[in-house]
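Peer 1: Here it is, the structure in full.
The values are calculated or read from the model by the stated rules, or taken from the named source; none is laboratory data. Keep in mind that this is a model prediction, so the values were computed, not measured. Please note: Cβ atoms are built from the backbone with ideal geometry, for glycine as well, and neighbour counts cover all protein chains shown.
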Amino acid sequence: MTRRPGHRARGLGAVAVIVVLVMLASISAALVRLSQQSQTASAQATMGARANAAARAGLQWGLYQAFKGSWTACSGASQTISDGNGLRVTVSCDSRSFNEGETSPGTPRTLRVFTLDAVACNGSGSCPDAAAAVTPGYVERRRQVQAVD
């Protein structure tokens, strides 16, 4: 291919620069979006760990209330506690009595089985919070324990 005298090739460099700029902008936008998703996932994981710890603490509190505190009857008792940092724990207790063996001939041995349920969440009311459960960022953890007196 020969070039005519006085005619210069133009335009190819400008097109290449535009293509490179569009590719760089696309990569930058993808990196920003990935960073935002990573931060959101990290925040959710941290809140989930906090909710798990709050549910365990709620169970420990409930066990104390059932064995030595104000819930000695423990039949349908429930209380919601706030940690002051956006988490709430609803602890509920139920107990049933069973005869198991005999303490002496003819005298049944009665055991009480406590079932404690602790639900921790970052909702606005008691946990579980059905209204907040459909919103993004809602975290809920449940722990349950059975203890014999």
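Peer 1: I want to confirm something. Restricting to segment 95-129 and keeping residues that are under 13 Å from the mean Cα position of the chain (by Cα) and in a loop (DSSP other than H, G, I, E, B), which single residue is surrounded by the most Cβ atoms within 10 Å (Cβ to Cβ)?
Peer 2: So the residue we want is Cys127.
Peer 1: Which number in (1) outside any loop (DSSP other than H, G, I, E, B); (2) in contact with a strand residue (DSSP E or B) (Cβ under 6 Å, 6 or more places away or on another chain) marks the one condition that Ala49 misses?
Peer 2: (2)
Okay, residues lined up against (1) over 13 Å from Asp149 (Cβ atoms); (2) free of Cβ contacts under 8 Å to residues at least 40 places away in the same chain; (3) among the small types (Gly, Ala, Ser):
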residue: Asp83; (1), (2), (3): yes, yes, no
residue: Gly86; (1), (2), (3): yes, yes, yes
residue: Asn99; (1), (2), (3): yes, yes, no
residue: Leu116; (1), (2), (3): no, no, no
residue: Ala131; (1), (2), (3): yes, yes, yes
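Peer 1: To continue, here is another question. If you go through segment 131-139 one residue at a time, do you hit one that is of a type in the set (Ser, Thr, Tyr), modelled with pLDDT of 85 or more, loosely packed, with under 11 Cβ neighbours inside 10 Å and not in a strand (DSSP E or B)? Please lay out each step first, then the result.
Peer 2: Within segment 131-139, the subset of a type in the set (Ser, Thr, Tyr) is 135, 138.
After this cut, where a residue has to be modelled with pLDDT of 85 or more as well, the list is 135, 138.
Filter once more, so that each one left must be loosely packed, with under 11 Cβ neighbours inside 10 Å: 135.
Applying the additional criterion that residues be not in a strand (DSSP E or B) yields 135.
The answer is yes, given that some residue of segment 131-139 is of a type in the set (Ser, Thr, Tyr), modelled with pLDDT of 85 or more, loosely packed, with under 11 Cβ neighbours inside 10 Å and not in a strand (DSSP E or B).
Peer 1: Report whether or not Gly62 is at pLDDT below 90 and either at negative phi or out of contact with any strand residue (DSSP E or B) (no Cβ under 9 Å at 6 or more places or on another chain) (or both).
Peer 2: No; evaluated as a whole, the condition is false for this residue.
Peer 1: Conditions first: (1) surrounded by 10 or more Cβ atoms within 10 Å (Cβ to Cβ); (2) within 25 Å of Arg142 (Cα to Cα). Ala30 passes all but one, so which condition is the exception?
Peer 2: Of everything listed in (1) surrounded by 10 or more Cβ atoms within 10 Å (Cβ to Cβ); (2) within 25 Å of Arg142 (Cα to Cα), Ala30 misses just condition (2).
Peer 1: Name the single residue that is surrounded by the fewest Cβ atoms within 10 Å (Cβ to Cβ) among those in segment 52-77 being within 11 Å of Val89 (Cα to Cα) and hydrophobic (A, V, I, L, M, F, W, C).
Peer 2: Ala53
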